[in-house]
């Protein structure tokens with residue numbers, strides 16, 4: 001990863017307690033670039049582990065949890081969890097809008113609309 005983008009501040013596998021405890025991190029990983037940075041991304045080995053951690057952090061943390069966010073799809077598709085709060089719905093709508101804008105940034109708006117299945121059906125009816 002560092003070879004592809006040397007500006008990224010990343011590290012390898014470590015316990016979550018290391019990532020969040022700067023003193024412990026400096027003591028055990030004195031070579032890490034994360035020692036003086038705020039951790040903002042955690043990667044888990046599988047969906048179950050990530051889901052447990054996500055829900056724990058959401059309940060005990062003092063921050064908004066936004067997600068899950070689907071990655072790698074051609075179109076901006078996102079899901080809401082059952083029982084989502086109004087704030088979660090608004091946050092996910094914002095993610096969807098930014099995702100849609102990013103994915104369509106190479107096409108003019110008229111071209112995007114004219115290619116949409118909805119527009120094609122609308123034109124047949126009109």
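The values are calculated or read from the model by the stated rules, or taken from the named source; none is laboratory data. All values reported here derive from a predicted model rather than from experimental measurement. Reconstructed Cβ throughout: ideal geometry from the backbone, glycine too, with neighbour counts over all protein chains shown.
Filter the range 91-124 down to the residues that are surrounded by 10 or more Cβ atoms within 10 Å (Cβ to Cβ) and not in a helix (DSSP H, G or I), then identify the one that is modelled with the lowest pLDDT. Outline the logic, then answer.
Restricting attention to the range 91-124, the residues satisfying the condition of being surrounded by 10 or more Cβ atoms within 10 Å (Cβ to Cβ) are 91-104, 107, 111-116, 119-122.
Still in the list and also not in a helix (DSSP H, G or I): 104, 107, 116.
On the way: 104: 76, 107: 64, 116: 74.
Looking at the filtered set, the residue picked out is 107.
Could you tell me whether any residue of the range 43-65 is modelled with pLDDT under 85, touching a helix residue (DSSP H, G or I) at 6+ places or on another chain (Cβ under 9 Å) and within 24 Å of residue 101 (Cα to Cα)?
yes
Would you mind finding the one in 88, 7 that is at pLDDT 85 or above and under 14 Å from the mean Cα position of the chain (by Cα)? First the steps, then the outcome.
Details: 7 fails: under 14 Å from the mean Cα position of the chain (by Cα).
None of the other options fit; the residue is 88.
Write out, first by first residue and then by second, each pair whose Cβ atoms fall under 6 Å of each other, whose residues are 6+ apart or on separate chains, and whose first residue, in the range 100-121, is within 14 Å of residue 75 (Cβ to Cβ) while the second is at pLDDT 75 or above and surrounded by 11 or more Cβ atoms within 10 Å (Cβ to Cβ).
Correct list of pairs: 100/76; 103/76; 112/104.
Against the conditions (1) surrounded by 13 or more Cβ atoms within 10 Å (Cβ to Cβ); (2) closer than 25 Å to residue 99 by Cα, where does residue 34 fall short? Just the number, please.
(2)
Has the range 41-63 got any residue that is within 18 Å of the chain's Cα centre (by Cα) and touching a residue at least 24 places away in the same chain (Cβ under 8 Å)?
Among the residues of the range 41-63, at least one is within 18 Å of the chain's Cα centre (by Cα) and touching a residue at least 24 places away in the same chain (Cβ under 8 Å), which makes the answer yes.
Scan the range 19-31 residue by residue and report those that are surrounded by 12 or more Cβ atoms within 10 Å (Cβ to Cβ) and either closer than 22 Å to residue 71 by Cα or at pLDDT 85 or above (or both).
The initial filter retains those residues of the range 19-31 that are surrounded by 12 or more Cβ atoms within 10 Å (Cβ to Cβ), namely 19-22, 24-26, 28-29.
Correct list: 21, 22, 24, 25, 26, 28, 29.
When you go through (1) more than 21 Å from residue 43 (Cα to Cα); (2) surrounded by 10 or more Cβ atoms within 10 Å (Cβ to Cβ); (3) at pLDDT 80 or above one by one for residue 70, which number turns out not to apply?
Status for residue 70: all satisfied but (1).
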